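Asks: Below is one structure. I have some questions about it.
Derivation of every value follows stated rules applied to the coordinates shown; laboratory data play no part. In this text the structure is predicted, and so the values were computed from the model without any measurement. We place every Cβ from the backbone using ideal geometry, glycine too, and count neighbours over all the protein chains shown.
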Amino acid sequence: MLDMLHKTCYDLYLLSSTDKRFSEEDGVTDDVSREKVSPRWRMVTDHMRTEILDGYYQPGQALPGEAQLASHYATSRPTVRKAIAQLAAEGLLSAAHGRGTFVRPRPDRRLIAIGHDPHPDLLSPEFDVIAAGWEPVDVPSDAEREHSGLGHRVPIPNPCGIAEAETLGIRRGHSVIYRYAFWQHAKVRTRVYIESNIPADLVAGIEPADYYAHLADTRGPLRWTTTVLAQMPSGDEISDLGMEPTGTPLLVVRRIMLAADGRPLEFTQLHAPGDRFEAASATDHEPDTEYTALHL
């Protein structure tokens, strides 16, 4: 009965979109322009997406075969195949070779709390990663980093790139102290990548554990700005963060430490799988929850 109801709803959806027959080759009617009518595969994609989000197909459930789906949506197998590829790119479906296509389980999301005071130096050797609920983890790109002189995850002077130079207000190639770490959450086993750049002249001769205290003493009172954005991951980021190559974006949190006179002192970035983490503004008056993974 439920299958019949969904089939009837889909038929009505098609009728409401156009009363003409669609061509499987060009996705439009003979007398309606391409600009006014969506291709058939997009209509099938929209309907499948709605069924997934509404729970008709449950997380972890295998989809019916292409032939059955083609019959269900009154279309061809190539059209179904294209719709499935689109939904896989959106992160709603995943294909298991030899087993079929499955609805991706909704992951257990964790919160990155931003705007929390005090702002911790997450890359300080004094920061207790284990107590914070994380574990340091080795990643595939470690070998490449060591080859380029950035290995062992210790603070070292490094020529500044374009993006970092623009953010810190220094010239490209200016020496910065580059620090980074990959962590894996102890409970949900998802990974994040944290990196920091500080102009080397600001902390010359200072022990890494004392960077923040030194900057506060010499440049304070300190201020902070934080921005959140989404971007598509690179190949290394997909493998390093254990992401599936399905088009899932990265959640990127950018934090800039500012001196009393407004000069940028440090540029910190956190990269996390966008389907596993979310960022929200927090204050020191708000209690932590079991879903709060990190303060930035």
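Asks: Across segment 54-64, in residue order, what do the Karplus-derived ³J(HN,Hα) couplings come to in whole Hz, using 6.51 cos²θ - 1.76 cosθ + 1.60 with θ = phi - 60° and x for Gly and Pro?
Replies: Per residue, the Karplus-derived 3J(HN,Hα) values read 7, x, 4, 9, 7, x, x, 6, 7, 6, x Hz.
Asks: Evaluate the distance, in nm, between pseudo-label points positioned 7 Å from the Cα of SER239 and of ASP261 along their respective Cα→Cβ axes.
Replies: 4.5
Asks: Now for a different question. How much net charge surrounds GLN269 when only other residues with a Cβ under 10 Å from its Cβ are counted (Lys, Arg +1; Asp, Glu -1)?
Replies: 0
Asks: Now for a separate question. Tell me the net charge near ALA204. Cut-off is 15 Å between Cβ atoms, ALA204 excluded, with +1 for each Lys or Arg and -1 for each Asp or Glu. Write out the running numbers ahead of the final one.
Replies: Working: positive: ARG219; negative: ASP201, GLU207, ASP210, ASP217, GLU266.
Residues near ALA204 contribute -4 overall.
Asks: Which order do the peptides 180-188, 196-204, 165-173, 228-236 take when ranked by the mean count of other beta-carbon atoms within 10 Å per residue, highest first?
Replies: Working: 180-188: 17.2, 196-204: 19.6, 165-173: 14.7, 228-236: 13.1.
Going from most to least packed, we get 196-204, 180-188, 165-173, 228-236.
Asks: For segment 40-125, what size does the Cα cloud have along each of its three principal axes, sorted from largest down, in whole Å?
Replies: Each principal axis gives a Cα extent; for segment 40-125 these are 59, 27, 20 Å.
Asks: Another question, if that's okay. Figure the gain on full extension for ALA62 and THR227 (residue separation times 0.36 nm, minus the Cα-Cα span) and round it to one decimal in nm. Numbers along the way, then the final one.
Replies: Values: separation 165, 0.36 × 165 = 59.40 nm, distance 3.83 nm.
Taking 0.36 nm per residue and subtracting the Cα distance, the gain is 55.6 nm.
Asks: A follow-up question, please. Give the peptides 78-85, 205-212, 51-58, 126-133 in descending order of average Cβ contacts within 10 Å, highest first. Intermediate values should be presented prior to the final figure.
Replies: Working: 78-85: 19.5, 205-212: 15.2, 51-58: 13.6, 126-133: 12.0.
Output ranking for 78-85, 205-212, 51-58, 126-133: 78-85, 205-212, 51-58, 126-133.
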